[in-house]
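These notes are about the structure you will find just below.
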C-alpha cells in the first residue's frame with residue numbers, strides 16, 4: 001500500500017488527473033489483484049485502465065564496513081533467467097516498510113543489522129501497477145542462518161559497492177528494483193554514511 005500520496009504537482013492536477021467512474025476486479029491472487037476501471041479523462045472523454053493492486057515492498061542495501069554490500073542471485077520465472085538483486089520483499093499486512101526490510105534482510109541473506117535508515121522510495125511500474133518500493137540502507141551487520149520461504153531459492157553474492165555500480169553500467173545488474181535501490185543507497189550514503197565507502 002502506497003504511503004506517499006501527496007501530489008507533488010498540484011498546479012497540474014486539473015489538466016492531467018483522471019477520475020474513476022467504476023471498477024471491477026478481474027483477478028484475485030495471493031500477491032496481486034487486477035482491476036479494470038472506467039475513468040473520465042481531463043478533456044471529459046472516457047477510457048479504461050487495467051491496473052494491478054500491490055501491497056508495496058521494501059528493499060535493503062546492507063553495507064559492510066569494508067565497503068562491500070550483500071546482494072542475491074535468484075532465478076525469476078517470468079523472464080526465465082537468473083538476476084542479481086538486492087534483498088527485498090512485499091509488505092505483510094500491518095507491517096511497516098522498515099520492519100519488512102529488516103525481516104527480508106534476515107530471511108533472505110541471514111544478516112541481522114543493528115542500524116537501518118530509509119533512503120527514499122520509488123514506483124517501479126507506474127503504467128500498470130500502484131506498487132511502491134521503500135529503500136533502506138543497513139549497517140552494523142552480523143551474519144546468521146537464513147530462513148527463506150520454502151519456494152524461494154537464493155544465493156548470497158557479496159561485492160564491493162563500486163563493483164555493483166560497474167555491474168549496473170555494464171548491464172550485469174539489470175533488475176530495475178536493484179538499480180534504483182543501489183543508486184538511492186549511494187546518494188544517501190554520500191550525505192549520511194556512518195563510515196567511508198568507495199564508489200569508484
Flagged in the range 143-154 as at pLDDT 90 or above, surrounded by 12 or more Cβ atoms within 10 Å (Cβ to Cβ) and under 21 Å from the mean Cα position of the chain (by Cα), in numbering order, are 154
Across (1) under 20 Å from the mean Cα position of the chain (by Cα); (2) surrounded by fewer than 16 Cβ atoms within 10 Å (Cβ to Cβ); (3) assigned to a loop (DSSP other than H, G, I, E, B), residue 82 clears everything bar (3)
Among residues of the range 124-139 being farther than 16 Å from residue 87 by Cα and surrounded by 15 or more Cβ atoms within 10 Å (Cβ to Cβ), the residue nearest to the chain's Cα centre (by Cα) is 131
Over the range 154-194, the set of residues part of a loop (DSSP other than H, G, I, E, B) and closer than 24 Å to residue 56 by Cβ is 173, 174, 175
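Name the one entry in 65, 95, 132 that is outside the structural domain of residue 32 (by TED's automatic domain parsing) and free of Cβ contacts under 8 Å to residues at least 60 places away in the same chain.
95
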Note on residue 151: of the conditions (1) in contact with a helix residue (DSSP H, G or I) (Cβ under 8 Å, 6 or more places away or on another chain); (2) not in a strand (DSSP E or B), unmet is (1)
Restricting attention to the range 25-44, the residues that are in a loop (DSSP other than H, G, I, E, B) and either exposed (fewer than 12 other Cβ atoms within 10 Å of the Cβ) or under 28 Å from the mean Cα position of the chain (by Cα) (or both) number exactly 6
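The values are calculated or read from the model by the stated rules, or taken from the named source; none is laboratory data. Predicted model only: the values in this text are computed from it and were never measured. Positions of Cβ are backbone-derived with ideal geometry, glycine not excepted, and every protein chain shown enters the neighbour counts.
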